[in-house]
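Input: a single structure, listed below in structure tokens.
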There are 4 protein chains.
Amino acid sequence: MPARPETGHSRRNPASRKAILDAAFELVAEVGYSKLGIEAIAARAGVGKQTIYRWWPSKGAVLLDAYLARTQGDAGGEAALPDSGDLRADLIAVLQATVAELRDPTFAVPLRALTVAVLEDPELAAEYEHRLDTPMREMKKARLRAAQNAGQLPDDLDLDVAVDLLFAPVAQKWSATGEPPSDDYVRTLVETVLDGLTRSAEGVRSASM
Amino acid sequence: MPARPETGHSRRNPASRKAILDAAFELVAEVGYSKLGIEAIAARAGVGKQTIYRWWPSKGAVLLDAYLARTQGDAGGEAALPDSGDLRADLIAVLQATVAELRDPTFAVPLRALTVAVLEDPELAAEYEHRLDTPMREMKKARLRAAQNAGQLPDDLDLDVAVDLLFAPVAQKWSATGEPPSDDYVRTLVETVLDGLTRSAEGVRSASM
Amino acid sequence: MPARPETGHSRRNPASRKAILDAAFELVAEVGYSKLGIEAIAARAGVGKQTIYRWWPSKGAVLLDAYLARTQGDAGGEAALPDSGDLRADLIAVLQATVAELRDPTFAVPLRALTVAVLEDPELAAEYEHRLDTPMREMKKARLRAAQNAGQLPDDLDLDVAVDLLFAPVAQKWSATGEPPSDDYVRTLVETVLDGLTRSAEGVRSASM
Amino acid sequence: MPARPETGHSRRNPASRKAILDAAFELVAEVGYSKLGIEAIAARAGVGKQTIYRWWPSKGAVLLDAYLARTQGDAGGEAALPDSGDLRADLIAVLQATVAELRDPTFAVPLRALTVAVLEDPELAAEYEHRLDTPMREMKKARLRAAQNAGQLPDDLDLDVAVDLLFAPVAQKWSATGEPPSDDYVRTLVETVLDGLTRSAEGVRSASM
DNA sequence: CATTAAGCGAGACGGTACGTCTCGTCTTATC
DNA sequence: GATAAGACGAGACGTACCGTCTCGCTTAATG
């Protein structure tokens, strides 16, 4: 979330930029969002405070850049969800990988901080949605669309709702308790989503509805 | 989240307590969580700062008490979800009532503040879960259990997963964007959850899985 | 400096009074005047704060009572300066005893506290003068008056000035530096006071004046 | 009492420094030492509290600087006591000027505050002695030394004792009562000091001593 | 090839809120 | 009714950061 478009030949010092993002990521992992301060970031980065204020509008914006630099430094956004043909197994695998990541404090603590920052700042929320949320959602929808094409899911399925059903419960549980749900929960979740709450009550269902 | 059990005859002044909770609730609605300060609460409540520090461990704890006092002051926890016999319609109604509430800033802003507080403080999160989350979840599970007893839902359904599927997507969308989803989204959500993603692709499903 | 005259049969608890004065004296010796607090005195004395506020108008007043209780508990004010007939030797002895006392922190620290209290509170200053300063001054003047009667001092000598000349320099030095002057200083002081600055320059003096 | 030596080109803001010293001097004259607070000084000076804490270790240190700035802002320390050749008259004049100054609350109240501060803080006492007391004492001793050179005072006179005899009684009376002594007292004081207590009892003295 | 203007590390500054401490008053229960 | 206990409104304490603002210094581009 740069304050200025990085077009043209800015005289910005890339070493300072990197030092700031690294310092912010490490610091937030150590002390949490509420105790993360611009002065502390500047001090750890060996940078003047003004260099942060010059390029970022808030500590949340620094954090978003820092998180993106860490999580997407390697992959250029080319990632995709696995597609073995077995949708059920693939979804379980993806969600179990997600909860595994959330169990690693190195990423979970900064992500939690980012969540707080986004909750407190609507502008940052828009930036977050555009740069992190939407790309991830598109990846997930792509996998579901493949299942549709394979005839495994109905064509009129609302893919956004489907993505929410699969991922929101995990995110919510992690937000609320600090811990992601268990692998068993994830398995049950996927199966319940795929089959529906009413799956084995066909007789009753057709009778009452 | 009282610092001390309120058993016995405490010498605590109940008028001060009420003034503090009212001031906190109003202030947070006006300025948001990050700009909510203990001094401002004390000043608006006409109370010394120490009276807050004496009885609450953090501003998040004050906020939780304030929110509970507002939302459960009247109902003694006896509330229940509607049960017309039509599960689908009841769930849509409940979720639409929920999103309607989230569109009212009077409650949504303090609730958002409480969400931030809970994200930043694991102890408060436990308190929140015990005093707010669990009772609500029990209400929701009670309605689903009634549906089970009526043969509308399978007996082996995991009710916790079911509740998450219904409510987490709404909460998540509201958290991420500041706005709750539309009534249409809610309707689609309920129907997708009840029927399952694979609902109209039985043939394919049995073939590939 | 009791807030109420102690005439009549007050229901005042003498044990509490003694505990307060003892606690005040000990505490001030430990922490100094500026860090001496009513709450700390009450706590150490095992007494409610109100019991202090009821009977004394300020911590300085407590301190004056505490100091008097310690220093004059035994002697009922009957003390007198030594009179060996040798004024010079007696004065030196008295002043050296004074500086010796000022070197004992047990009394010097509370006395210093009392000095501060008196500097800050004119009412307490009047009380101090009446109950401590004047009696001491009278003792000193009595010794000088005896010397006058013995023909050792001129009849028209202003005894107040004389007392000040002998004692003010010692008090002043102790106030300013925290340490009383040396025994040698005291000896030189007494001799200079008795003889006058001009003592051995009679010729010049008679010539120029 | 600067916390740091003012050598080199400090980035300290001299306007803030002056505003703080002025505010401190005026405030202490209005409310006295015990009610003088750093916050009030900062507020009146239009300065952040940290700017005071950054440069002074205590309010007493601010007060010392403030007093020195007022009393020695003009004179660069070049002052000297009057020397008309008539020691007796000069001393009376100087002491009467001193008591006149002590009757002016504008200077007397801050000086009294400074006295309290010095009594409570040995480090400040050392600073006070070095920057205020010693220079004044040297001035006084210089005048007495001139009298020695003129043969008006004996060469073996202890000038420190002599200065104390002349000035301590005035300072002491002012400290103890809040009022400096009268002009008459001062005259008697000077004459008694110069002539000695035993001045007109030579016969008796030689007989008994 | 200066010159000049931006970025930079550093940190003082006017502020604000923190959480603690103590003040002097008030209330409650005990004796 | 005096007392021990301690909650209360009030507000100063000294600290920590905020975001802004100079300072010199370095460094790349432009005239």
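The values are calculated or read from the model by the stated rules, or taken from the named source; none is laboratory data. Note that this is a predicted model, so its numbers are computed, not measured. Using ideal geometry, Cβ is built from the backbone for each residue, glycine included, and neighbour counts are taken over all protein chains shown.
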Next item on the list: For C:Ala42, state whether it is more than 16 Å from DNA strand F (Cβ to nearest atom) and of a type outside the set (Ser, Thr, Tyr).
Entry: no
Next item on the list: Give the residues of the stretch D:24-51 that are buried (at least 22 other Cβ atoms within 10 Å of the Cβ) and more than 14 Å from chain C (Cβ to nearest Cβ), sorted by residue number.
Entry: D:Ala24, D:Phe25, D:Leu27, D:Ile41, D:Ala45
Next item on the list: Would you please name the residue that is farthest from the other protein chains (Cβ to nearest Cβ), looking only at residues in the stretch C:184-199 that are closer than 12 Å to D:Asp160 by Cα and surrounded by fewer than 23 Cβ atoms within 10 Å (Cβ to Cβ)?
Entry: C:Tyr185
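So, D:Arg17, is that one part of a helix (DSSP H, G or I), modelled with pLDDT under 95 and under 24 Å from the mean Cα position of the chain (by Cα) or not? Spell out the reasoning first.
On the way: part of a helix (DSSP H, G or I): yes; modelled with pLDDT under 95: no; under 24 Å from the mean Cα position of the chain (by Cα): yes.
The answer is no for D:Arg17.
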Check: Is it the case that some residue within the stretch D:57-78 is assigned to a loop (DSSP other than H, G, I, E, B) and closer than 30 Å to D:Gly151 by Cα?
Finding: yes
Checklist line | Filtered residues of the stretch D:9-54 (kept if among the aliphatic types (A, V, I, L, M) and over 25 Å from D:Val118 (Cβ atoms)) | finding: D:Ala15, D:Ala43
Checklist line | First in the stretch D:41-66 and in contact (Cβ under 8 Å) with a residue 40 or more places away in the chain, second anywhere and basic (Lys, Arg) and within 14 Å of DNA strand E (Cβ to nearest atom), Cβ under 8 Å, 6 or more apart | finding: D:Trp55/D:Arg4; D:Trp55/D:Arg12; D:Trp55/D:Arg17
Item checked: Subset tally (residues that are crowded, with 18+ Cβ neighbours inside 10 Å and facing chain B (nearest Cβ under 7 Å)) for the stretch A:143-153 -> 2
Next item on the list: Output the number of the condition that A:Gly196 fails; it satisfies all remaining conditions of (1) closer than 23 Å to B:Thr177 by Cβ; (2) modelled with pLDDT under 95.
Entry: (1)
Notebook entry, point to check: Can you tell me which residues in the stretch A:36-93 are within 16 Å of DNA strand E (Cβ to nearest atom) and on the phi > 0 side of the Ramachandran plot?
Noted result: A:Gly46
Note to self: Here's a check for you: in the stretch D:87-142, which residue that is within 13 Å of chain C (Cβ to nearest Cβ) and of a type in the set (S, T, N, Q) is surrounded by the most Cβ atoms within 10 Å (Cβ to Cβ)?
What the structure shows: D:Thr115
Notebook entry, point to check: Given D:Thr134, D:Thr51, D:Thr98, which one is closer than 27 Å to C:Pro122 by Cβ and not hydrophobic (A, V, I, L, M, F, W, C)?
Noted result: D:Thr98
Margin query: Condition first: farther than 30 Å from D:Asp121 by Cα and either in contact with a Lys or Arg (Cβ under 7 Å, 6 or more places away or on another chain) or facing another protein chain (nearest Cβ under 8 Å) (or both). Can you find one or more residues in the stretch C:162-176 that meet it?
Written below: yes
Next item on the list: Output the residues belonging to the stretch A:85-107 that are of a type in the set (Gly, Ala, Ser) and at pLDDT 95 or above.
Entry: A:Ala89, A:Ala93, A:Ala97, A:Ala100
Next item on the list: Return yes when A:Val99 is within 19 Å of A:Ala40 (Cβ to Cβ) and not hydroxyl-bearing (Ser, Thr, Tyr) and no when it is not.
Entry: no
